[in-house]
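Novice: Please find one structure pasted underneath; my questions will follow.
The values are calculated or read from the model by the stated rules, or taken from the named source; none is laboratory data. Because the structure is predicted, anything quoted here is derived from the model rather than measured. Here Cβ is always computed from backbone atoms with ideal geometry, including for glycine, and neighbour counts include all displayed protein chains.
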Amino acid sequence: MIRIETDGGVRAIVLDRPDKRNALTPEMLSDLTDAVRTVTAAKGDDAAVRAVLLRGEGKCFCAGFDLDLCRDDGPEQAVMKSFLSGLSAAIEAMRACPRPVVLAAHGAAVAGGCALLGGADIVVAERDAKLGYPVVRLGISPAISAPFLMDGAGAGGARRRLLDPALFDGAEGARLGLVHELVETRDGVTDRAHEIARSLAGKSVHGIKATKAWAMESAGEKTMPGRAARALDASLSLVTGDEAIERLASVWKK
Amino acid sequence: MNELASLNIEGPVATVTINRPEQRNAMSIEMLEGLHACIDRLEEEPGVVVTVITGAGRAFCAGMDLKQVIIDEGSGGSGEPMLPKRLLASLARLTVKIRCLSSVVVAKVNGAAIGGGCGLACVCDLVVTHADAKLGFPEVDLGLCPAVVAPWLVRKIGGGPARAVLLQGGVMSGTRAHEIGIADVVSPTRDDLDAATDEVVHRYTEAGPEALAATKSLLNDLDRSRDLDLVLRGAELSAAVLATEAAQANLIARLK
């Protein structure tokens, strides 16, 4: 359900589950992480990959976790925990990748799908795309996104969007700083993201690598060690509580 | 809770009302004590998911009570040199206390939110206002320094924009406040403010209270909202600038 396409210097990682709006499975998250880490670890011929493009097949980028898989989760919420850990690892892998990561958010990028935006260096979105973090309705904290959203959108924007379950559009995402370029049409999003990735692939590898690392450090990445782990813990500690279990159960009753 | 600040709890929603409308809800030491009491009480109310802070009458909060920050009694001031410092320290402690409430706090900015009043709004998790409300930090226009509220504005809109706003002074419309991120939601008219606030409050009440509280707590850790020492140092700085002759003269001229 993760497809890899390499075209020139661009490695496209494609969420390929269009019949489920690219809803994530723990396996997809670990495949995504592996695909990014392969780029990071590449020496020799594979080092020819100079930019990464993350996109979704079909009508939207990603609808979040496939909650159907949590239906038979026991009181330990093992599947939900693997979702959360997998998502955090995928975002971390994208940020740790020395190559620039471009993300094409067309249609919708919701919940875990929206969280993936936090791993990308450049986010291209459709103006009318549906974005947001509605998971507090399910008693789940979108905490994983907090450190990355604070870097990207600032502390105020993160507070605004992580506590309010309402969805918002691409234009509001751009106002916040979560989206860096808007495209009017759905089809145009992937084309534009690909174009940016190709352009980045044509630049000096060393300049890009040093700049990406330094820009993140300047934004406070290193000033609070373990931010991502702390955020993941905040999410994990909630999922075995009554609130999350009861609210998740209500999803199946509908 | 006193006659200057009231608390009303209905199910998961608490409303704190600043109740000094004849003084445009200006902050006096007594009013801040009332607000402290409301927040202390809310800390004992685990069933509250959303707290709305608003002002009675036309204004949200017009800033510091001039009569309590002017020192010279003959000029209409309090005659108590230590009062401004106490007032600012009380505001500093109040800001951190509000931020650390486990409920989501919404500022319903019904009218003027000036200086410390605008700072009080920025402390809240969400700011709702209307297009014609007046918000801003005119401290520098009076030779003052908005040091207690500066850290909250930085957390709200980022360091660069905060510097531009605080150094330029003046006030802005609700529409402009929304453009630069001081307001999160802006209704077209004052009459729509209730509906706009109710809509977002309703969304918070639909969310899992524990998920909201855990997320808020993490955000407070990450943006160092619990740093009381920083705002207390801000209160010291603000009080020192306020005590200068030039600032006192400006305040006296304003009172007249």
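Novice: Can you name the number of the only condition in (1) within 14 Å of another protein chain (Cβ to nearest Cβ); (2) more than 23 Å from B:Leu232 (Cβ to Cβ); (3) in contact with a Phe, Trp or Tyr (Cβ under 6 Å, 6 or more places away or on another chain) that B:Gly47 fails?
Specialist: Result: B:Gly47 passes all but (3).
Novice: Just to check your reading of the model, which residue among B:Arg163, B:Arg176, B:Arg226 is farther than 17 Å from B:Gly63 by Cα, touching a Cys at 6+ places or on another chain (Cβ under 8 Å) and either surrounded by fewer than 18 Cβ atoms within 10 Å (Cβ to Cβ) or more than 10 Å from chain A (Cβ to nearest Cβ) (or both)?
Specialist: Unique residue meeting the criteria: B:Arg226.
Novice: I've got another one for you. Output the residues belonging to the stretch B:159-178 that are farther than 26 Å from A:Ala219 by Cα and assigned to a helix (DSSP H, G or I).
Specialist: Listed by number, the residues that qualify are B:Gly174, B:Thr175, B:Arg176.
Novice: Tally up the residues in the stretch A:150-181 that are away from chain B (no Cβ under 11 Å), closer than 14 Å to A:Gly107 by Cβ and touching a Gly at 6+ places or on another chain (Cβ under 7 Å), please.
Specialist: So the answer is 1.
Novice: When both residues are 6+ apart or on different chains and their Cβ atoms are under 8 Å apart, which pairs have a first residue that lies in the stretch B:81-94 and is at negative phi, and a second that is crowded, with 18+ Cβ neighbours inside 10 Å and among the hydroxyl-bearing types (Ser, Thr, Tyr)?
Specialist: Final answer for the pair search is B:Leu87/B:Ser28; B:Leu88/B:Ser238.
Novice: Hey, another quick one. Condition check: out of contact with any strand residue (DSSP E or B) (no Cβ under 9 Å at 6 or more places or on another chain), within 14 Å of chain A (Cβ to nearest Cβ) and over 19 Å from B:Glu179 (Cα atoms). Does B:Pro151 satisfy that?
Specialist: So B:Pro151 passes the test.
Novice: Using the structure shown, decide if B:Ala213 is out of contact with any Gly (no Cβ under 9 Å at 6 or more places or on another chain), within 13 Å of another protein chain (Cβ to nearest Cβ) and part of a helix (DSSP H, G or I).
Specialist: Yes; evaluated as a whole, the condition is true for this residue.
Novice: Do we find a residue being touching a strand residue (DSSP E or B) at 6+ places or on another chain (Cβ under 7 Å), assigned to a loop (DSSP other than H, G, I, E, B) and hydrophobic (A, V, I, L, M, F, W, C) anywhere in the stretch B:63-77?
Specialist: The answer is no, given that none of the residues of the stretch B:63-77 is touching a strand residue (DSSP E or B) at 6+ places or on another chain (Cβ under 7 Å), assigned to a loop (DSSP other than H, G, I, E, B) and hydrophobic (A, V, I, L, M, F, W, C).
Novice: Hey, among B:Val123, B:Val128, B:Val104, which residue is within 13 Å of chain A (Cβ to nearest Cβ), crowded, with 24+ Cβ neighbours inside 10 Å and without any contact (Cβ under 8 Å) to a residue 40 or more places away in the chain?
Specialist: B:Val123
Novice: Right, here's the next one. Could you tell me which residue of the stretch B:179-190 is nearest to the other protein chains (Cβ to nearest Cβ), considering only residues that are without any contact (Cβ under 8 Å) to a residue 60 or more places away in the chain and in a helix (DSSP H, G or I)?
Specialist: So the residue we want is B:Glu179.
Novice: Since A:Ser218 meets every condition but one in (1) touching a Leu at 6+ places or on another chain (Cβ under 9 Å); (2) among the polar types (S, T, N, Q); (3) under 23 Å from B:Pro151 (Cα atoms), which condition does it not meet?
Specialist: Going through the list (1) touching a Leu at 6+ places or on another chain (Cβ under 9 Å); (2) among the polar types (S, T, N, Q); (3) under 23 Å from B:Pro151 (Cα atoms), A:Ser218 breaks only (1).
Novice: Let me ask something else. Condition first: without any contact (Cβ under 8 Å) to a residue 12 or more places away in the chain and at the interface with chain B (Cβ under 9 Å from one of its Cβ atoms). Can you find one or more residues in the stretch A:184-200 that meet it?
Specialist: no
Novice: Out of (1) free of Cβ contacts under 8 Å to residues at least 60 places away in the same chain; (2) more than 12 Å from the chain's Cα centre (by Cα), the odd one out for A:Ala109 is which?
Specialist: Every condition holds for A:Ala109 apart from (2).
Novice: Please verify whether the stretch A:68-82 includes one or more residues that are surrounded by 24 or more Cβ atoms within 10 Å (Cβ to Cβ) and either more than 14 Å from chain B (Cβ to nearest Cβ) or without any contact (Cβ under 8 Å) to a residue 12 or more places away in the chain (or both).
Specialist: Taking every residue of the stretch A:68-82 in turn, none turns out to be surrounded by 24 or more Cβ atoms within 10 Å (Cβ to Cβ) and either more than 14 Å from chain B (Cβ to nearest Cβ) or without any contact (Cβ under 8 Å) to a residue 12 or more places away in the chain (or both).
Novice: Something else now. Within the group A:Ala96, A:Ala143, A:Ala153, which residue is over 20 Å from A:Asn22 (Cα atoms), modelled with pLDDT under 95 and in contact with a Ser or Thr (Cβ under 8 Å, 6 or more places away or on another chain)?
Specialist: It is A:Ala96.
Novice: Right, next: Tell me the residue from A:Leu178, A:Leu163 that is under 18 Å from B:Ala211 (Cα atoms) and of a type in the set (A, V, I, L, M), please.
Specialist: A:Leu163 is the lone residue from the list that is under 18 Å from B:Ala211 (Cα atoms) and of a type in the set (A, V, I, L, M).
Novice: Turning to a different aspect of this structure: Give the residue that is farthest from the other protein chains (Cβ to nearest Cβ), with candidates limited to residues of the stretch B:193-210 that are in contact (Cβ under 8 Å) with a residue 12 or more places away in the chain and either of a type in the set (Val, Ile, Thr) or loosely packed, with under 14 Cβ neighbours inside 10 Å (or both).
Specialist: For the stretch B:193-210, the residue satisfying everything is B:Thr197.
Novice: Could you tell me which of the residues A:Ile144, A:Ile140 is part of a loop (DSSP other than H, G, I, E, B) and within 14 Å of chain B (Cβ to nearest Cβ)?
Specialist: Just one listed residue meets the conditions, A:Ile140.
Novice: Could you please give the count of residues in the stretch A:7-37 that are out of contact with any helix residue (DSSP H, G or I) (no Cβ under 7 Å at 6 or more places or on another chain) and under 15 Å from A:Pro100 (Cα atoms)?
Specialist: The qualifying residues number 2.
Novice: Still on this structure, I have one more. Filter the stretch A:183-202 down to residues that are hydrophobic (A, V, I, L, M, F, W, C) and over 15 Å from A:Asp121 (Cα atoms) and give me whichever is surrounded by the most Cβ atoms within 10 Å (Cβ to Cβ).
Specialist: My answer is A:Val189.
Novice: Just to be sure I understand, how many residues within the stretch B:21-46 are surrounded by fewer than 19 Cβ atoms within 10 Å (Cβ to Cβ) and under 12 Å from B:Gly117 (Cβ atoms)?
Specialist: Qualifying residue count for the region: 1.
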